[in-house]
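Contents: one structure, followed by commentary.
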2 protein chains.
Amino acid sequence: MTTPRWEPRRLSAVAVELPEGVTPPGTRGRILLSALRLFAEYGFHGTSIRDLAGATGINSATLYAHFPAKEHVLAELVLLGHAELHQRLQQALVEAPPGPAAQLAALVRAQVGAHADFPLLALVANAELHALSPERAAPALALREQSRELGLRVLRLGVAQGVFRVADPLLAATAIGSMGMQVAHWFGPDQPYTRDQVADTYAGFALQLAGAVVAAPEPAPKTARTSGTTPVKKG
Amino acid sequence: MTTPRWEPRRLSAVAVELPEGVTPPGTRGRILLSALRLFAEYGFHGTSIRDLAGATGINSATLYAHFPAKEHVLAELVLLGHAELHQRLQQALVEAPPGPAAQLAALVRAQVGAHADFPLLALVANAELHALSPERAAPALALREQSRELGLRVLRLGVAQGVFRVADPLLAATAIGSMGMQVAHWFGPDQPYTRDQVADTYAGFALQLAGAVVAAPEPAPKTARTSGTTPVKKG
DNA sequence: GTCTATATCTTGATAGAC
DNA sequence: GTCTATCAAGATATAGAC
C-alpha cells in the first residue's frame, strides 16, 4: 500500500494525537503520530515501513535511526495506551468520593473518557497488541491486568458491603469493561454526545448493571415490589 | 510467516468450526476453516497465501481454483459471521415470550450465544472487516446495521411502555451490544462458565442496565427506597 | 483440481555517502 | 540524522503440465 486503498472506515474521523507530555519531540514523535493513524486505520500488518515513512515525510531508511524495527513503533504505542489508561484509572480512584458506588462510577468515567479522548490510541493498544511478540507485549499485558483488577476489587468490595447486587462480580467487571472498551470504535466528533455525556451515561449503566442500591442501607421490604435503581433522564 | 512466530495469544483455545450447514464440502470448506483460524489469530494482513495453503494442506496455487483472491476468502467468512448472528437474533425474537423485557433478554442471550459458540468467526467478522474493500464489506455492514436496529427497537419500545428506565436508549443499545461482542475475545473452554451461564448472566446485566422493572406495573412508592431488580446468586 | 515453476511486486531492513 | 541505493526475502497471483 502506497496510496490509500480506499477511504478509511475503521474509525470516525478523530484527531491524531497522543496524551499530553508523552509525544517525543522531533521526528521520533512525528513517526509515532503517523503510526498511530496508520496502525489504527489499516492495522500493523496492513501498514508498511514505506507507508509510515511517507506519512511522516521522511525516507524509509530514516525510520531506523529512531526505531530498531517496525515492531518497536507499535510496542511504544501499545505500552503508551495501556499506561495512559492505567494512570487515569488510578487517579480516578484517588480522587473519587469514598464508597464502592462512587468508585465504580469514577472508574467507568475514567475508562470511557480515556477511550473517547484517545480513540486511536485505545484501538491500536487493544486491537494490535496481538501483533507484538510476547516479550514486547508483556509490559502492556501486565498493565491491563492491573487495570482489570482495579475494577474487580471495587465490584467485590461493593458486593461484600451490600452496595452492589450482582450475579457474578467477575462477569460484571468483564461486561462493564467491555462497554467502555468499545467506545473507541464509535465515538468521535460526528456523534451527538460529548465525551462527558457518554462517560456519565456509561457510569450510570455500570451502576445499574451492578445492581447498585441507591440510597437505602436498610434491607428492602419482603414483598418483591422493586423499581429502577438510579435516576433516569429519558432519551 | 511460515511457521508460527509465537504461541497464539489473541484467543482462548477454541474449536475451529463454522455454523452447521454452512461449511462448503471439500477443499473449499477446508480453506475456509484454515482461514478462520489464521485470520482470527494473526489477522488478514498477518496471514499469507502460503500460510493459508500450508494450513489447508494444499499448494498455494490451488487456492485460486477455489477463490479468485485472498480477499474473497475473508469476505466469505465476514459475511457468514454477520449472517449467522443476524439469523440467530431474528430467531430469538420470534421465539421469545411477548414483552420488551423478555425480548431484550432473548436478544442478548442469542448474541452472547453466537459469540460463545463461534468466537473465531465473530472475531474475524468484527475485527477483520476493515481489511475488506467497501464493496465487499457492504453486505456485512448492512446485516450489522439490521442487527443493531433489532436491539434498538426493543429498547425504545420498552422505554415507551415504561418497562425500561434508561437515560438514552441509543447509548444503552450500544453498551449492551458491546458487552456481548467482547465475549468472543475471552470466552472459551478454559473459562469456569458454560456458554449458557454467560448468556443468562449477560441477559440479566442487560435488563439491569436498561433499568427493567421486574414485576411491578404499579408505580413505585414515593419514598426512594429501592433495591436490586433481579435475583442474585453471589459470585 | 492439483501441482511445479515462475512472474512481478512489495516487504523489512542495511550499507554507506553527506 | 537524513538521504540514495540496494539486498534478500516474502507477498499475491498466473502459466501451463498432468
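The values are calculated or read from the model by the stated rules, or taken from the named source; none is laboratory data. The shown structure was predicted, so the numbers you read here are calculated from the model rather than taken from an experiment. Positions of Cβ are generated from backbone atoms using ideal geometry, with glycine treated the same way; all protein chains shown enter the neighbour counts. Only protein heavy atoms, including side chains, enter the accessible area calculation; ligands, DNA and RNA are left aside. Shrake-Rupley method; radii C 1.70, N 1.55, O 1.52, S 1.80 Å.
For the stretch A:26-69, calculate the relative contact order in percent as a whole number, restricting contacts to Cα pairs under 8 Å that are 6 or more residues apart.
36
Do you know the relative contact order of chain B, to the nearest whole percent, from alpha carbon pairs under 8 angstrom that are 6+ apart?
Relative contact order for chain B comes out at 24 percent.
Going 7 Å from the Cα of residue A:133 in the Cα-to-Cβ direction, what parts of the stretch A:79-123 have a backbone nitrogen less than 17 Å from that spot?
A:79
Quick one: angle between helix B:100-117 and the longest Cα principal axis of chain B, in degrees between 0 and 90, rounded to 10, please.
20
How much accessible surface area, in Å² rounded to 10, belongs to the heavy atoms of residue B:23 with a 1.4 Å probe?
Surface open to solvent at residue B:23 totals about 60 Å².
As an exercise, use a Förster radius of 41 Å and the Cβ-Cβ distance of residue A:65 and residue B:71 to find the FRET efficiency, rounded to the nearest 0.05.
Efficiency computed from Cβ-Cβ geometry: 0.70.
D for the stretch B:5-114, whole µm²/s, Stokes-Einstein with Kirkwood Rh over alpha-carbon pairs at 4 °C and 1.567 mPa s: what number?
The Stokes-Einstein estimate is 83 µm²/s.
Could you give the angle, 0 to 90 degrees to the nearest 10, between helix B:26-42's Cα long axis and the longest principal axis of the Cα atoms of chain B?
It works out to around 70 degrees.
How large a share of the accessible area of the stretch A:71-209, in percent, is made up of carbon and sulfur atoms when the probe is 1.4 Å and the other protein chains stay in place?
C and S atoms contribute 57 percent here.
For residue A:82, what charge total do you get from the other residues with a beta carbon under 14 Å from its beta carbon, if Lys and Arg give +1 and Asp and Glu give -1?
Taking every other residue near residue A:82 into account, the sum is -1.
Let me check I've understood the local charge: for residue A:140, count other residues with C-beta under 12 angstrom from its C-beta, Lys and Arg +1, Asp and Glu -1. What total comes out?
My count for the surroundings of residue A:140 gives -2.
Name the chain B residue nearest the rotation axis between B and A, going by Cβ position, and give the distance in whole Å.
Taking the axis that maps B onto A, the answer comes out as B:45, 2.
Distance from the Cα centre of the stretch A:106-138 to that of the stretch B:24-98, in angstrom?
The stretch A:106-138 and the stretch B:24-98 have Cα centres separated by 27 Å.
Shortest first and in nm to one decimal, what separations exist between residue A:133 and its copies in the other chains, measuring from label points 7 Å along the Cα-to-beta-carbon line?
The answer, with the shortest distance listed first, is 3.6 nm.
Give the average, rounded to an integer, of partner chain Cβ atoms located within 10 angstrom of each Cβ in A:122-129.
1
Classify the stretch B:85-206 from the C-alpha gyration tensor, please: rounded if a/c falls under 1.5, else prolate or oblate depending on whether a/b exceeds b/c.
oblate
Shortest first and in nm with one decimal, please list how far the residue B:9 label point sits from its counterparts in the other copies (point 7 Å along Cα→Cβ).
Spelled out, the distances from residue B:9's label point are 3.0 nm.
Taking 22 Å as R0, compute the FRET efficiency from the Cβ-Cβ separation of residue A:5 and residue B:13 and round it to 0.05.
Plugging the Cβ-Cβ distance into 1/(1 + (r/R0)^6) gives 0.05.
What average count of beta carbons from other chains do you get within 10 Å of the Cβ of residues in A:197-208?
If you average over the peptide's residues, the count of other-chain Cβ atoms is 5.
Using only protein heavy atoms and a 1.4 Å probe, how much accessible area in total is buried between B and A, to the nearest 100 Å²?
Heavy-atom accessible area buried at this interface is about 5000 Å².
List the distances, in nm to one decimal, from the label point of residue B:68 to the label points of the same position in every other copy, shortest first, placing each label point 7 Å from Cα along the Cα-to-Cβ direction.
4.6
Assuming R0 = 22 Å, what is the FRET efficiency of residue A:153 and residue A:94, from their Cβ-Cβ distance, to the nearest 0.05?
Efficiency computed from Cβ-Cβ geometry: 0.95.
Hey, how much of the P(r) for the protein assembly as shown falls beyond 28 Å, as a percent of Cα pairs?
Beyond 28 Å sits 53 percent of the P(r) for the protein assembly as shown.
Quick check on chain A: take the gyration tensor over C-alpha atoms, sort the square-rooted eigenvalues as a ≥ b ≥ c, and tell me if it's rounded (a/c under 1.5), prolate or oblate.
prolate
Can you give the accessible area per residue of the stretch A:26-69, in Å², using a 1.4 Å probe?
39
If contacts are Cα pairs under 8 angstrom and at least 6 residues apart, what is the relative contact order of the stretch A:71-209 in percent?
Contact order relative to length: 38 percent.
Taking K and R as +1 and D and E as -1, what net charge do the other residues with C-beta under 11 Å from the C-beta of residue B:47 add up to?
0
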